[in-house]
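Single-structure report; data block below.
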Amino acid sequence: MGLGSWFKRGVSEMMVARPDDAKSQVVWKHPDPTIPMKSQLTVMADEKAIFMRDGKVVQVIEPGRHTLDSSNLPFLSNLVDSFTGGNVYRAEVFFVSTNERVGIKFGGRVGHVEDPKSGIPVELMVHGEFSFRIEDPEEIVVGLLGTGGAESYQVRSWMKEQVLKVIRDRIAELLVKNKWPMLDVTSGAYTEEIEADVLEGLGKHVDAYGIRVRRLGNFVIAMDEEDADNLKRLYTDAAYLKTVGGVAAYQQFATGKAMMGAGEGMAKGGGEGGGAGAGGMLGGAGLGIGFGMAQMLVGNGTGGPERLAPVVGGVVCPSCSRSTAPGKFCGHCGHGLSAPDEPVTNSSFCTACGTAVGPEAAFCGQCGHRRGGGALR
């Protein structure tokens, strides 16, 4: 070894500091546990140095430049290595960053959450960034990383898991308690409320390790695209019902939409399996069943085909099959009407559109379909 190399090595051994390529690490451990006396310890303004011996914290050194000599740092007298004649200290030195670490990305599934407005479960996802800061350097070394080889990615990975876990729990809890519509949540209307609640919840999980999550930045709660489209259609279709029938009618309408979808499925299935003739017949029957069920569910919610199915704002006359205001007589043809709770006998439903029609009707009052040829029953 040349004189220059020996001198360079000797100087490096006399310097105890975090190298530039390790500045990004949350915790960095000095590789050599033997430190010569009179070495120069450099602790930057955004970090602290922790001296440990036999798994215990001996001293925490504040930022500054320090000469490692027991005359000005008395704790070093307990770290003297007697096997070297008292010229070397033996200790593990950890450098812990105390500045706020920003731009830590996270993301994942929240899971299926029920939309309080419609009662329909939807798939939620969340992604964004957060920042954290080490408040107690001793706790993160002893409690989280241990005295082995500390790696920065371990801290970040663990923090991401905690953030996502708390967000899952808190979002579900907030939706149930506050009954926030899901489309409002994904639009960002409650971002501040969710952030404050998540930060409070995170404290219970990370405070014990000397870590504090300072803020959530640019986090987005998103909905599965198909679920979002379904909710938007349902909200739009039910707007009139909510105005006329109140909130209770909304749930009935959602169920009616599902029944209509079932009728459409029956129509498509019949067409594929039975040729053109079967498709035409089952198409009318399937859609008729779907519309009929939807109309009954939206109207009085009884589901009984023998009851007069009221429509929005009135009832169906059993004689002329037209919608009219509730009363004793039809406003269009003067035929007597049944009371709301009185069964309507010999009534039937149009298999083309599902509208209730009277026993004397030759045509459907809603779509004009002819009674003969099996069109009505």
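Quick grid of which residues meet (1) modelled with pLDDT of 90 or more; (2) surrounded by fewer than 15 Cβ atoms within 10 Å (Cβ to Cβ); (3) in contact with a His (Cβ under 8 Å, 6 or more places away or on another chain); (4) of a type in the set (A, V, I, L, M):
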residue: Gly4; (1), (2), (3), (4): no, yes, no, no
residue: Gly10; (1), (2), (3), (4): no, yes, no, no
residue: Gln25; (1), (2), (3), (4): no, no, no, no
residue: Trp28; (1), (2), (3), (4): yes, no, no, no
residue: Asp32; (1), (2), (3), (4): yes, yes, no, no
residue: Leu41; (1), (2), (3), (4): yes, no, yes, yes
residue: Asp46; (1), (2), (3), (4): yes, yes, no, no
If we keep only residues of segment 111-138 that are small (Gly, Ala, Ser) and assigned to a strand (DSSP E or B), then the residue nearest to the chain's Cα centre (by Cα) is Gly111
Find the residue count for segment 81-106, including only residues that are under 17 Å from Leu41 (Cα atoms) and buried (at least 17 other Cβ atoms within 10 Å of the Cβ).
-> 9
For Gly108, indicate whether it is at positive phi, of a type outside the set (Phe, Trp, Tyr) and assigned to a strand (DSSP E or B).
-> yes
For His112, work out the one condition from (1) surrounded by fewer than 18 Cβ atoms within 10 Å (Cβ to Cβ); (2) in the same structural domain as Ser157 (by TED's automatic domain parsing); (3) in contact (Cβ under 8 Å) with a residue 24 or more places away in the chain it doesn't fulfil.
-> (3)
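Conditions tested, residue by residue: (1) in contact with a strand residue (DSSP E or B) (Cβ under 7 Å, 6 or more places away or on another chain); (2) farther than 30 Å from Pro36 by Cβ.
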{"residue": "Asp54", "(1), (2)": "no, no"}
{"residue": "Glu62", "(1), (2)": "yes, no"}
{"residue": "His66", "(1), (2)": "yes, no"}
{"residue": "Pro74", "(1), (2)": "no, no"}
{"residue": "Asp81", "(1), (2)": "yes, no"}
{"residue": "Gly86", "(1), (2)": "yes, no"}
{"residue": "Phe94", "(1), (2)": "yes, no"}
{"residue": "Thr98", "(1), (2)": "yes, no"}
{"residue": "Leu124", "(1), (2)": "yes, yes"}
So which residues in segment 171-195 are surrounded by 13 or more Cβ atoms within 10 Å (Cβ to Cβ) and more than 20 Å from Asp224 (Cβ to Cβ), if there are any at all?
-> Glu193, Glu195
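The values are calculated or read from the model by the stated rules, or taken from the named source; none is laboratory data. This structure is a prediction, so every number in the text was calculated from the model and none was measured. Neighbour counts run over all protein chains shown; Cβ positions are idealised from the backbone, glycine included.
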